[in-house]
Amino acid sequence: MNKYKKVLPKEPSFSQEGLKGYNFNLDIKDISISLEEVFKGHDKYHTNVHSTKIYYCLEGNGIFCIAGEKINIEKGEMIEIAPNTEFVFAGKMKLLLIMSPAFRMQDGIDGKDNDLYTN
């Protein structure tokens, strides 16, 4: 395998009720990059206390609720979420997620259930 080429794993690196995620195994640890196949959405409202999250919509469409503001997203659009900002999303889409600094489990806080499923 070429040290410069990164390939998604065949099995999900993480999953929830409404999505499956695949992490690229990067050598650098300043950022993390994942592909999320969203078939329903994020299970719960979420806040990351450490990282900025950048979601780029590769296909499909959905809705984000960020700090109480609802934002529609479709292919070719990007969402940027600063640290300490509560958000959730729903829809059917494929998202590229870039986090800086890289994802760390201990930095995430889950809140109430996703209420966008019923809207």
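At q = 0.24 Å⁻¹, what log₁₀ I(q)/I(0) does a Debye calculation on the Cα points of the range 19-119 give, no solvent, two decimals? Taking Cα atoms of the range 19-119 as identical point scatterers yields -1.47.
Which whole-number percentage describes the relative contact order of the range 49-119, with Cα contacts under 8 Å and a sequence gap of 6 or more? Spell out each step's value before the answer.
Details: 134 pairs, mean separation 28.9, N = 71.
Averaging sequence separation for qualifying contacts and normalising by length gives 41 percent for the range 49-119.
Expressed as a whole percent, the accessible surface of the chain that belongs to carbon and sulfur atoms is 51, based on a 1.4 Å probe. Highest mean packing comes first when the peptides 5-17, 32-44 are listed by Cβ atoms within 10 Å, giving 32-44, 5-17.
Remark: C-alpha extents of the range 80-119 on the principal axes read 32, 23, 16 Å, sorted largest to smallest. In percent, rounded to a whole number, the relative contact order of the chain is 30, using alpha-carbon pairs under 8 Å and six or more apart. Using Cβ point charges alone (K and R +1, D and E -1), the dipole size of the range 1-113 about the Cα centre works out to roughly 380 debye.
Rounded to the nearest whole Å², what accessible area per residue is found for the range 25-109 with the 1.4 Å probe?
Here the residues of the range 25-109 average 53 Å² of exposed surface.
Could you tell me how far the Cα centroid of the range 31-45 sits from the Cα centroid of the range 56-111, in Å? One Cα centre to the other: 7 Å.
The values are calculated or read from the model by the stated rules, or taken from the named source; none is laboratory data. Since the model is a prediction, treat every value here as computed from it, not as a measurement. Positions of Cβ are generated from backbone atoms using ideal geometry, with glycine treated the same way; all protein chains shown enter the neighbour counts. For the accessible areas, the whole protein counts, side chains as well, though only heavy atoms, and no ligand, DNA or RNA atoms are used. Shrake-Rupley method; radii C 1.70, N 1.55, O 1.52, S 1.80 Å.
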